[in-house]
Amino acid sequence: MEDIIITLKLYSGLEKELKIPDYNVNSGVIIKVNKGTKLKNIIADSGLQKLSGYAFFSGGERINLRTKFMESAEISCLKISGGG
Amino acid sequence: MQIPDYFKFFNKTRIVSGKKSLENIPYELQSMDAVKPLVITDKRSVDEGLVKILIDAYGDSGLVIGAVFDGVTAYTSAKTVLDAARLFRARGCDSIISIGGESCAFAAKALNLLVSHKTEDLLQFDSLPDNMHLCPFIVIPTSDSSGRETSTRSVIDGRIYESDELMPDIAVIDPRMLKKRGKAETILPALRAMAEAVEACTEDAANPMNDSFAFASIQLICENLAAAVNGGSVKSVLGLANGIAISGIVWSNAPEGIGSALAEELAVRTGNSRELCAAVLLPHTLDYKLKNTKKSVRGELLLPVAGIDRYCAAAETERGLLGVEAVFEIVKGMNKYIPVTLKELNIPRYILESTAEAVEDSFAKQYGKGGALMILESAYNGERVSGGKK
Amino acid sequence: MQEITGTSNRILEVNLTKKSFSVYEVPKEDLKLYLGGKGLALKMLYDRMEPGIDPLGEDNMIAIHTGVLLGTGAPCSGRFAAVTKSPLTGIMTSCSCGGAFGMALKTSGWDGLIVKGKSNTPVYLYVDSKGVEFRDAKKLWGMDTQKTQEEISKDSGGALAIGPAGENLVLYANVASGHRFLGRGGMGAVMGSKNLKAISAKGKEFKILPVNQKKFEKAKKKATDYINGNDISAGSYRNFGTNANVNLNNAGGLLPVRNFTGGTHGEAHKISGEEMAEKFKTSYSTCKPCTILCGHKGNINGQMRQIPEYETVGLMGSNLEIFDPVKISDFNEICTLMGMDTITAGGTIAWAMEATERGLFKSDLKFGSADGVCEVLKDIAHMKGIGKDLAMGSRYCSKKYGGEDFAIQVKGLEMAAYDPRGAFGQGLSYAVANRGACHLSATAFGLEVYLGLMDAYSYRSKASMVKYQEDIYSAINSLQTCVFTVFPYELETLLMKYSPRPVLKFMMNLMAGVAMRFVDVSLWPELWSAVIGNRLGMTAFLRVGARVQVLERVMNCAEGISRKDDTLPDRLLNEFRKCDSKERAIPLEKMLNRYYFVRGFDKNGIPKERTVRRLKIKKRMAV
Amino acid sequence: MNINKYPEIKSGGKLIKKIYVAVMLWIVGRAIQAASRVDREVKEEFGRLSDDFMMHLHVLPSGPGMIVGKDKNGKVKYMGWNPKGKKITLDMKVKNIEGAMLMFTFQESTCVASANNRLAVSGNVPDTMAFIRILNIVETYLLPKIITSFAVKRYPKWSQMSPMRKYAGRVLVYVRTFTF
């Protein structure tokens, strides 16, 4: 199975909470996973268990834990807010 | 017939109307040595299959349609015209066909300006010379069209581009293109076209050529309107479409009247459609002209509106008044389908006042100081204009 | 310190022409049907004002109502509502504000204030328990909003003031109370047209006590726990303020970029709440009292300034492709001092930038460059140069110079900082909101994108969801409490907190109308009935919301509003965001038909006779 | 706005209609040749025409056609469809295949068709008039009364064409048309 590159961008002060050393806002966390894995497994593999209560977006659309990734993509993880 | 001491009349559009008239387009294009047209239309015409009918009519002609550009929207913006121009050049087209209402025709005319002068900037065309070599341009009116297709004017981003050359070469009116519309949507374009034709022939500077076109347009509309709204028989719908198309030519050859200026200003301020405002204001503008202007309303108007028998039965002096009453009858008769007073449209008073103010100065000489406001007030509650000679 | 239990129901009717005032006693019937705040203020205008009057004329009125909860110490109840006929849109506009004036007016013993007529010389009102004093405001005329308030609050607890924009009748001038605003619709211009510079209230003369103290304390504790327990109110808002939405909208493709052409932008994180909190070391600066604490202030270039709210950051930042928070804060300061609504100002300047780009409008404004914007804002406030046209809003300018397809406004009100093409329900909400393109009428994007409970790109059951949210927001604005309490009070209730997400999503997507009836909204009526004493059930509470919404629609229809106005600008219907490769268009007509059916309007968007009667909205009394 | 979202559209063919019109033209062409021998009036009409009379009726742009004219020794002959190598004196073009269909399904008579500018004729007018008279007579022969009354301006009354002449003529024309 060929590998795909997933870029995890953390927002809402997430990087502090998960104590990720020298997190770069622009590049984010780069992970290599094989094709067709679910978001749930990507998070588990990369050691970010505590992410269950957050919203995940990719390509301008909201995705959930069961979404599969066929090609390299960028995922944003954020705490939800209420508008304003 | 009233002959002013100077007038000019110009019509460049050949009207081809009737059964299977679409099939002539390939032949007509070739006679204007054009082989590859670009079709300008909007989403609604595509969904109704009008473009498919044209493509079938093109069958076996051996010619190719450059492309069908359906990006025109109700408000035509320069961006749409630029996109169409880029497509026009990419496909190497040499002529333009517009299918649809007013906005498609405006976009097509502006496109014609752009591609004939090989430029990207529409704003340099503020004043248009008269001998531009424009590409052949064919208009196919549909049931959305309200007459401005066959006129000399194009409005892009609210800017007006006017020149005799912009008139289409041919207007092809084919019954297959006149899909059935709701009652209000059939009435409004027709009443607006009639408003422009009536206003053109009751102007002081009305010339005999324009009068004959105006009377033809009025008669076609008045006779076929009732039938087109209720039964919608092919003949009546075709007659109505012809009446509307001719009104575009009449409108281009007449100075702007107070009725259409008020309707335009009211539509901009209240968001109602121009057709609705023109239809509501038509009888009241005429009524005011009858009572408060020197020339009053000419008797010949009664003939196309009410038909020959009522015209002959009326006494010479009564004809102007009866003509206005006949127009009242027609417009107010439609109150089952469209609102016929400004009160029904809930237009606030301060908007009436600011509209009258905006239009007042350019018509003060002819209609007196409070003229515009009196027209709007009588249109508000739908009664006749008070005062003035009976 | 005298005491008021429940509400005093006494409203001051001020006539500026005759310089007189009278006291109006709110009938019990109206209090039951309209609760207070936005609802009661709207009803008072409905009884007094004729349709078709000139918004900047003498006959226009401003109705302010503090609402029942203000002064009782209930969480997030530091807000009051005001309603008038907007000069920008020509229809009714209702705003709510968290400034100190509300508390001062309520504790001076008055529940509300109605201002009518027009004074021939600049004047400001001083309210105390005895009544109203008409004081000369000639030397205040020309001062900015903050200076005016300093000047007149020597002997008052709180004040409302307009800036130069209001005096020069800029159609979107706002009214300041402290650094909070009655923002949208041009209420400042209405006060300016009446030569009314400010209204100040003495305050601290009465203490407001709820009728049922025990029940009130229990409800207050429960509300505070919900707020502190919910991670939206206690997490996002408390830490990063409303700017927590910047990154969220950027990820969800809702961020307005370059006059609503793009949905996201790479540099958006520079103006996000998180980075501003760090950069400017923000601390709280909120309405009083507030438990959520969403307002912040920070040290910007050595000056302690209010951090701009999300709408300002969206409309005057990313919408103009300016991603420098300091510059955005400068614009925000100018709008604060001049007294102008930042959303409309941002929308109009964005239109001007694009119109200049296309050659339709002469100005030196350019996307991405902040120079020239400050001068233009000042010109707008003083009606100088191009400011004279831009002061009329983008609808007027686009009708005059062309470019109506990219004037992003509905019914004349510029659109807030959410691109509806990323959340179809929000498109419907913008189209039908009574005030114009306002996001606080129904935050559909919250359910569709933030919570992800509904499919953002489908029209199904969006109409009933928007109707439900409009009702609940109008009801909340009639208690008068902060609409941000929606998330803690609804999401922390047992049913919502513990029911599994897939079930919620299934119910919301297929039958939102039915699903929403199960949401437990009992906390608001509990607080209200604890203060007033008589019972208010959940369904009655929602019915009040529906009544207020339909009453506002009836008043708007009398100004000529119908289906032709319930639409979106051409760009949002026919063009697509740069980040949307699937090019999905908003199915507005389908949702609109369904909405009219659900709301009880006819095909042309006019409320049916039966709907108006069933909601007990009486025919307009002879004025 | 990407260009290839708006593709070029080739005009489709209308094969069946073209075949139908081709067959009809073939029949009418040979019928004219047959009628010129059988019918007295047609012989006179052709007699009045010039010697090198050559008529080409065809459908634009590349539709079917027929050529009828006088050969060297003055006899009227149907000369197929290819105009190459022939000097055409009267060229009648039907503007499009739909127009030809209307004429040959007899929804529009020849005169109405030319009035609705379906035809573009180049050649002198008297020849055209003569040809149309010939065409009417041939159609009377070829088709039963009900159909021909659509195709012709006025159906000839018994006085102009005695029943014997019509029925005999019809048989002869059919025989000659279909025998080579």
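The values are calculated or read from the model by the stated rules, or taken from the named source; none is laboratory data. A quick note: this is a predicted structure, and the numbers were derived from the prediction, not measured. When we count neighbours, we look across all protein chains shown, and the Cβ atoms used for this are built from the backbone with ideal geometry, even at glycine.
Tabulated data for the structure shown
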| item | result |
| --- | --- |
| Subset of the stretch B:88-121 (residues that are surrounded by fewer than 20 Cβ atoms within 10 Å (Cβ to Cβ) and within 21 Å of the chain's Cα centre (by Cα)) | none |
| From the options D:Asn96, D:Asn116, residue that is over 30 Å from D:Met164 (Cβ atoms), in contact with a helix residue (DSSP H, G or I) (Cβ under 9 Å, 6 or more places away or on another chain) and in contact (Cβ under 8 Å) with a residue 24 or more places away in the chain | D:Asn96 |
| Some residue of the stretch C:249-259 being of a type in the set (D, E, K, R), surrounded by fewer than 19 Cβ atoms within 10 Å (Cβ to Cβ) and out of contact with any strand residue (DSSP E or B) (no Cβ under 7 Å at 6 or more places or on another chain) | yes |
| Members of the stretch D:95-114 that are assigned to a loop (DSSP other than H, G, I, E, B) and more than 11 Å from chain B (Cβ to nearest Cβ) | D:Thr105, D:Phe106, D:Ser109 |
| Lone qualifier among D:Glu98, D:Glu139 - being at pLDDT 85 or above, surrounded by 15 or more Cβ atoms within 10 Å (Cβ to Cβ) and among the acidic types (Asp, Glu) | D:Glu98 |
| Tally, over the stretch B:148-172, of residues that are of a type outside the set (A, V, I, L, M, F, W, C) and part of a loop (DSSP other than H, G, I, E, B) | 7 |
| Given (1) outside any helix (DSSP H, G or I); (2) within 14 Å of chain B (Cβ to nearest Cβ), number of the condition D:Ile19 does not satisfy | (1) |
| Residues of the stretch A:70-84 satisfying the condition of being in a loop (DSSP other than H, G, I, E, B) and either within 20 Å of A:Leu14 (Cβ to Cβ) or at pLDDT below 85 (or both) | A:Lys79, A:Ile80, A:Ser81, A:Gly82, A:Gly83, A:Gly84 |
| Count - residues of the stretch C:236-290 that are more than 13 Å from every other protein chain (Cβ to nearest Cβ) and part of a strand (DSSP E or B) | 2 |
| Options B:Leu266, B:Leu188; residue that is within 14 Å of chain C (Cβ to nearest Cβ), crowded, with 24+ Cβ neighbours inside 10 Å and within 30 Å of C:Glu404 (Cβ to Cβ) | B:Leu266 |
| Hey, D:Asp39 buried (at least 21 other Cβ atoms within 10 Å of the Cβ), touching a Gly at 6+ places or on another chain (Cβ under 7 Å) and away from chain B (no Cβ under 14 Å) or not | yes |
| Residues of the stretch C:383-407 satisfying the condition of being at the interface with another protein chain (Cβ under 9 Å from one of its Cβ atoms) and either assigned to a helix (DSSP H, G or I) or basic (Lys, Arg) (or both) | C:Ser398, C:Lys399, C:Lys400, C:Tyr401, C:Glu404, C:Asp405, C:Phe406 |
| Among the residues listed as C:Thr93, C:Thr66, C:Thr121, the single one being more than 14 Å from C:Leu160 (Cα to Cα), buried (at least 21 other Cβ atoms within 10 Å of the Cβ) and in contact (Cβ under 8 Å) with a residue 40 or more places away in the chain | C:Thr93 |
| Condition check for C:Gly295: free of Cβ contacts under 8 Å to residues at least 12 places away in the same chain, within 14 Å of chain A (Cβ to nearest Cβ) and surrounded by fewer than 24 Cβ atoms within 10 Å (Cβ to Cβ) | no |
| C:Ala546 being over 24 Å from B:Ala74 (Cα atoms), more than 26 Å from the chain's Cα centre (by Cα) and buried (at least 19 other Cβ atoms within 10 Å of the Cβ) | no |
| Counted residues, the stretch B:294-350 - those being more than 21 Å from the chain's Cα centre (by Cα), outside any helix (DSSP H, G or I) and within 14 Å of another protein chain (Cβ to nearest Cβ) | 8 |
| Restricting the stretch A:63-84 to residues that are touching a helix residue (DSSP H, G or I) at 6+ places or on another chain (Cβ under 6 Å) and not hydrophobic (A, V, I, L, M, F, W, C), the residue that is surrounded by the most Cβ atoms within 10 Å (Cβ to Cβ) | A:Ser81 |
| Residues that are assigned to a loop (DSSP other than H, G, I, E, B) and either of a type in the set (Asp, Glu) or surrounded by fewer than 10 Cβ atoms within 10 Å (Cβ to Cβ) (or both), drawn from the stretch A:25-46 | A:Asn26, A:Ser27 |
| Lone unmet requirement of (1) among the basic types (Lys, Arg); (2) without any contact (Cβ under 8 Å) to a residue 60 or more places away in the chain; (3) part of a helix (DSSP H, G or I) for D:Lys72 | (3) |
| Filter result for C:Phe101 (crowded, with 24+ Cβ neighbours inside 10 Å and in contact with a Cys (Cβ under 7 Å, 6 or more places away or on another chain)) | no |
| Of residues in the stretch C:313-351 being touching an Asp or Glu at 6+ places or on another chain (Cβ under 9 Å) and among the aliphatic types (A, V, I, L, M), the one nearest to C:Gly263 (Cα to Cα) | C:Leu315 |
| Matching helices (runs of 4 or more DSSP H) fully within the stretch C:555-619 where at least 2 residues are surrounded by 20 or more Cβ atoms within 10 Å (Cβ to Cβ) and under 26 Å from the mean Cα position of the chain (by Cα) | C:570-574, C:588-599 |
| Flag if B:Phe125 is among the aromatic types (Phe, Trp, Tyr), touching a residue at least 12 places away in the same chain (Cβ under 8 Å) and either surrounded by fewer than 23 Cβ atoms within 10 Å (Cβ to Cβ) or within 14 Å of chain C (Cβ to nearest Cβ) (or both) | yes |
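Quick grid of which residues meet (1) assigned to a strand (DSSP E or B); (2) touching a strand residue (DSSP E or B) at 6+ places or on another chain (Cβ under 7 Å):
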{"site": "C:Phe21", "(1), (2)": "yes, yes"}
{"site": "C:Glu29", "(1), (2)": "no, no"}
{"site": "C:Ala63", "(1), (2)": "yes, yes"}
{"site": "C:Gly71", "(1), (2)": "no, yes"}
{"site": "C:Ser96", "(1), (2)": "yes, yes"}
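Residue-wise test of (1) over 14 Å from the mean Cα position of the chain (by Cα); (2) farther than 21 Å from B:Tyr27 by Cα.
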| residue | (1), (2) |
| --- | --- |
| D:Lys70 | yes, yes |
| D:Gly80 | no, yes |
| D:Lys84 | yes, yes |
| D:Val94 | no, no |
| D:Gln107 | yes, yes |
| D:Ala115 | yes, no |
| D:Lys145 | yes, yes |
| D:Leu172 | yes, yes |
| D:Val175 | yes, yes |
